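Notes follow the structure.
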Amino acid sequence: MSQGERNLQEMHGTERRADAFYNNQMIDYLNTEMQEFVKAQQFLFMATSDAGGNCDSTFKAGEPGFVYIIDDKRLMYPEYRGNGVMASLGNITENPHIGLLFIDFFEDRIGLHVNGAAEIIENDELHTIIPDEDTRTTLFEQHENRTERWVVTTVHEAYIHCSKHIPKLVDTKNLTDWGTDDTKKKGGDYFKVKQSKKERK
């Protein structure tokens, strides 16, 4: 929690409600239920910021279980080949604070916030996090050896995102082309940025 939110709670008279939430819904580790929830998810939303506080949010996805639970204080997800910008990773090198949001839109319509500190682990460093060679081999095979590196998050806060206003979506299984480099399938220039930049010149 931040001092800013505490100041606003006092200003707007919500301290009792906030304290009830902190006491009953927020922990600094992943309990068994949270771990099982994370293992079942196919995507997450992630927020980072650089040393100056400039924010970036992004979306990570994979097959269920693509986020690996190391223990009740740490989890990690793979970084696949992307557009080469590495905005989130760049932020992490300047500022380790990270916010992860997992949402189940399909079954229970519930979410889980995980806030903590992130670090980047290269493939050849993974043994420092996962000592067991068989587990590492399984992880690489699970991701079809597409993983370039990993982001490990140490949990500082974990708490619920209530189901209010979370829509129920239909899971269109098998329609995702994981790992494609086909420009059209990836969306290409969907928002016509190249065209709009030319028009503004």
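A few notes on this one:
- In the chain, Cα pairs under 8 Å separated by at least six residues give a relative contact order of 22 percent.
- Among the GluC sites (Glu not before Pro) found in the stretch 121-169, those both in a DSSP coil and sparsely packed, with 16 or fewer other Cβ atoms within 10 Å of their Cβ, are GLU144.
- Accessible surface, per residue, of the chain when the full set of protein chains is kept, probe 1.4 Å, Å²: 65 Å²
- Ranked from largest to smallest solvent-accessible area, with a 1.4 Å probe on the protein heavy atoms, LYS168, LYS73 come out as LYS168, LYS73.
- In the context of the full protein assembly, HIS161 retains an accessible surface of approximately 60 Å², using a probe radius of 1.4 Å and ignoring ligands and nucleic acids.
- When the chain is treated as a GNM with alpha-carbon contacts under 10 Å, the residue of ARG149, ARG17, ARG136 showing the greatest mean-square fluctuation is ARG17.
- Surface accessible to a 1.4 Å probe, THR172 within the full protein complex, Å²: 80 Å²
- From the coordinates of this entry, semi-axes √(5λ) of the Cα gyration tensor in Å is computed, and it appears in (1) 29, 21, 14; (2) 29, 24, 19; (3) 33, 16, 16 under the label (2).
- Taking the 1.4 Å solvent-accessible surface of the chain as the whole, the part contributed by carbon and sulfur is 49%.
- The listed residues MET76, MET11, MET86, MET34 rank as MET11, MET86, MET34, MET76 when sorted by accessible area, largest first, using a 1.4 Å probe.
- Expected 222 nm ellipticity per residue - DSSP helices of 4 or more, -39500 (n - 2.57), all of the chain, to 500: -8500 deg cm²/dmol
The values are calculated or read from the model by the stated rules, or taken from the named source; none is laboratory data. In this text the structure is predicted, and so the values were computed from the model without any measurement. Please note: Cβ atoms are built from the backbone with ideal geometry, for glycine as well, and neighbour counts cover all protein chains shown. Surface areas here come from the heavy atoms of the whole protein model, side chains and all, with no ligands, DNA or RNA. Shrake-Rupley method; radii C 1.70, N 1.55, O 1.52, S 1.80 Å.
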